Amino acid sequence: MPVDFASCPSIPAMVLDQAEDLGDRPLLGAKRDGAWHYLSWRQTIDAALSLAGGLVRLGLEPGDRVMLVSENRPEWAIADLAVMIAGGITVPAYVTNTTDDHRHILENVQARLVIVSTLALAERVMPAAARASQPPTLICLEPPRLAQAPGFAVLDWQQVLAMGADTHQAMRDRAARLRRDDTACIIHTSGTGGAPRGVMLSHGALLADCLGAHALLRDLGLGDQVFLSFLPLSHSYEHTVGLIFPLSIGATIAYAESLDQLAANMAEVRPTIMTAVPRLYESMRARILGALRRQGGAKEKLFLATLRLGTKRLTGQRLTWGERLADLALDHLVRAKVRQRFGGRLKALVSGGAPLAFEVGAFFAALGVRILQGYGQTEAGPAISCSPPSLVKLDTVGPPLEGISVRIAEDGEILVKGEVLMQGYWRDAEATARAIGADGWLHTGDIGEMDEDGYIRITDRKKDIIVNSGGDNISPQRIEGLLTLQPEIAQAMVHGDKRPHLVALLVAAEECDAAQVAKAVERVNNGLSTIEKIRRHVVIDQSFTTDNLMLTPTMKIRRHVIRQHFAEQIERLYGDRTD
């Protein structure tokens, strides 16, 4: 039965209704012992109701916060639903968080309970819990072996499920009392510029985003969809688009084993929709092109011809009669094989989290793989806009989703309004007032424009704009995008605020040396204006990763961390230059 997104009171109400209709259909899948195993809708809801009852018997009151620390797995979704059914607020935390990060979140939201999956994760959570001013109760999927009592309760997941096994009707009644303006989750921003803030999102905000996504993807046919989930569920993008939205359309969700196994998992699961961030698509493109260069021969020529003709079609150029025939043949010789690599039934890849370079989107589109580029922010549910399948403009992030209003301020900043907006930052009224004006518009901090069809084009991040010593405004993201499109450059950070010119920290691609990187920089510089050119660069021997905190979990560079870590190298780049 279709969901009435406008009147549905809560996420649990939506999911409980869906489960009545979908019963034994597969919902949540994971690979164990070499095979994929799925929980049905009925099994998932039974587990969520039992866990909700156990949480209530542990003292969870409506509005209490429950921190969730887990990799993507079926239990993540079950825990999230259980917390909401019980009237609590889910507070996801990244698995890459340090003990100090966990402590910050625990103290910030005063979490009463923590659900943690693996022993390795528990080892980082437990010291944070021990030092918290109000130590929470831990619920562990893999109970730690304790030599002595840690000073707070540690319970087994199965134990808590058993505690609530006889409470299903009571939990259904409890869920029925939820309303759209109740807070569903507190998602902490990934913190590219400092300490993360907790963004409060209501049930209504999540449902409103699902309405927009449903209207957008209706043309693809929403029955029997299969999502392959691998982005962290602790991020609002995957939480809404990769979990709540699939639940709303009765889809199946399979959880990828890891990024390394993603290609194999695609072939096994055969997803119809996947969500990812631009960095993944950039990496896939670089790997494919690198492999082709090494292989050479007829395969490389056929592939490059497919790209050339496909790109020509995408950009509206007219194909000759001979090119049309060749393009048709290449659809069978090349594009069909590419589609099989994605499982053979993929309807769309959805890109979000950061702007996708036109060259990357065009690469996949030319190969017959549809990419729908979207735009969003945690503070807006998060999805704000996305290209519809019927008219994809690769240089834009599409028009606003249904129910969302967007306008461009005088200084170019993108402003957003609608039910999708956050209720505010948790315990930070001052920051909330800065983000959402008295007129109710969210100030995104992104700079953009809208074309004649209402499609949004992101041109820069307001707070990331470099203002050089000459007063010129320069977009570092655009230049970094051009640099990382070069096959010799894996990662880049451009610096130059209050400086006379730009410099760059570069990470070389595999099997590439400093000389090759220098030639790549020269190629990029040839297409840049004088003030945008990279005057000096250094090839660093350390990649930007989530482990060293130089990348957010959604693969955005943390400029402040990188600048601090490589401060000496940056200063040396300016050391003996006066221009």
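A few points about this structure:
- When the residues of the stretch 102-112 are filtered to those that are touching a Gly at 6+ places or on another chain (Cβ under 9 Å) and farther than 20 Å from HIS239 by Cα, the one that is surrounded by the most Cβ atoms within 10 Å (Cβ to Cβ) is ASN108.
- In summary, GLN225 fulfils each of the numbered conditions (1) polar (S, T, N, Q); (2) under 18 Å from the mean Cα position of the chain (by Cα); (3) closer than 27 Å to ARG42 by Cα with the single exception of condition (2).
- Figure legend. Inter-residue proximity from the stretch 86-104: first residues under 23 Å from ALA48 (Cβ atoms), second residues acidic (Asp, Glu) and modelled with pLDDT under 95, beta-carbon distance below 9 Å, spacing 6+ or different chains. Indicated pairs: ALA93/ASP101; TYR94/ASP101.
- Positions within the stretch 118-132 being under 17 Å from GLU142 (Cβ atoms) and in contact with a Gly (Cβ under 9 Å, 6 or more places away or on another chain), in sequence order: ALA129
- Residue in the stretch 232-239 that is crowded, with 23+ Cβ neighbours inside 10 Å, assigned to a loop (DSSP other than H, G, I, E, B) and over 15 Å from the mean Cα position of the chain (by Cα) present: no
- Looking only at the stretch 463-477, residues that are in contact with a strand residue (DSSP E or B) (Cβ under 8 Å, 6 or more places away or on another chain) and within 15 Å of ARG559 (Cβ to Cβ) come to 8 in all.
- Some residue of the stretch 86-100 being touching a strand residue (DSSP E or B) at 6+ places or on another chain (Cβ under 8 Å), buried (at least 20 other Cβ atoms within 10 Å of the Cβ) and part of a helix (DSSP H, G or I): no
- Looking only at residues in the stretch 113-143 that are in contact (Cβ under 8 Å) with a residue 40 or more places away in the chain and polar (S, T, N, Q), the one that is farthest from GLU238 (Cα to Cα) is THR137.
- Qualifying residues in the stretch 366-400 (those that are within 19 Å of HIS235 (Cα to Cα) and β-branched (Val, Ile, Thr)) - the one nearest to the chain's Cα centre (by Cα): THR378
- Pairs meeting the criteria (first residue in the stretch 320-338 and not assigned by TED's automatic domain parsing to the domain that holds LEU289, second residue exposed (fewer than 11 other Cβ atoms within 10 Å of the Cβ) and assigned to a helix (DSSP H, G or I), beta carbons under 6 Å, at least 6 apart or on different chains) are lacking.
- Which listed residue is assigned to a helix (DSSP H, G or I), surrounded by fewer than 18 Cβ atoms within 10 Å (Cβ to Cβ) and at pLDDT 90 or above, from ALA208, ALA162, ALA129: ALA162
- Scoring LEU421 on the criteria (1) assigned to a loop (DSSP other than H, G, I, E, B); (2) in contact with a Gly (Cβ under 8 Å, 6 or more places away or on another chain); (3) surrounded by fewer than 16 Cβ atoms within 10 Å (Cβ to Cβ) leaves a single failure, condition (3).
- Which listed residue is under 30 Å from the mean Cα position of the chain (by Cα), within 20 Å of GLU511 (Cβ to Cβ) and either crowded, with 16+ Cβ neighbours inside 10 Å or modelled with pLDDT of 85 or more (or both), from ARG294, ARG270, ARG285: ARG285
- Selected residue (only one of ASP446, ASP497 is assigned by TED's automatic domain parsing to the domain that holds ASP541 and acidic (Asp, Glu)): ASP497
- In the stretch 383-431, the residue that is nearest to ILE105 (Cα to Cα) out of those that are among the polar types (S, T, N, Q) and at pLDDT 95 or above is GLN423.
- Counted residues, the stretch 272-313 - those being outside any helix (DSSP H, G or I) and more than 14 Å from ILE371 (Cα to Cα): 1
- Scanning the stretch 481-512 for residues that are crowded, with 19+ Cβ neighbours inside 10 Å and of a type in the set (D, E, K, R) yields a count of 1.
- Residue within the stretch 104-113 that is in contact with a Pro (Cβ under 9 Å, 6 or more places away or on another chain), under 25 Å from GLU257 (Cα atoms) and not charged (D, E, K, R) present: no
- Conditions (1) touching a strand residue (DSSP E or B) at 6+ places or on another chain (Cβ under 9 Å); (2) in a helix (DSSP H, G or I); (3) of a type in the set (Asp, Glu): number failed by ASP219: (1)
- Criterion: under 23 Å from the mean Cα position of the chain (by Cα) and in contact (Cβ under 8 Å) with a residue 24 or more places away in the chain - qualifying residue of MET550, MET493: MET493
- So THR311, is it more than 24 Å from HIS239 (Cβ to Cβ) and in contact with a helix residue (DSSP H, G or I) (Cβ under 7 Å, 6 or more places away or on another chain): yes
- Contacts under 7 angstrom Cβ, first residue in the stretch 192-220 being at positive phi and not assigned by TED's automatic domain parsing to the domain that holds THR546, partner at pLDDT below 95 and assigned to a helix (DSSP H, G or I), 6 or more apart: GLY194/HIS560
- Some residue of the stretch 460-472 being at pLDDT 95 or above, buried (at least 16 other Cβ atoms within 10 Å of the Cβ) and farther than 24 Å from ALA286 by Cβ: no
- Strands (runs of 3 or more DSSP E) fully within the stretch 488-575 that include at least 2 residues being under 30 Å from GLY242 (Cα atoms): 489-495.
- When residues of the stretch 424-481 are limited to those that are part of a helix (DSSP H, G or I), within 25 Å of the chain's Cα centre (by Cα) and not charged (D, E, K, R), the one farthest from CYS185 (Cα to Cα): ILE479
The values are calculated or read from the model by the stated rules, or taken from the named source; none is laboratory data. The structure displayed is predicted, hence computed values, not measured ones. In this analysis, Cβ positions are derived from the backbone assuming ideal geometry, glycine residues included, and neighbour counts consider all displayed protein chains.
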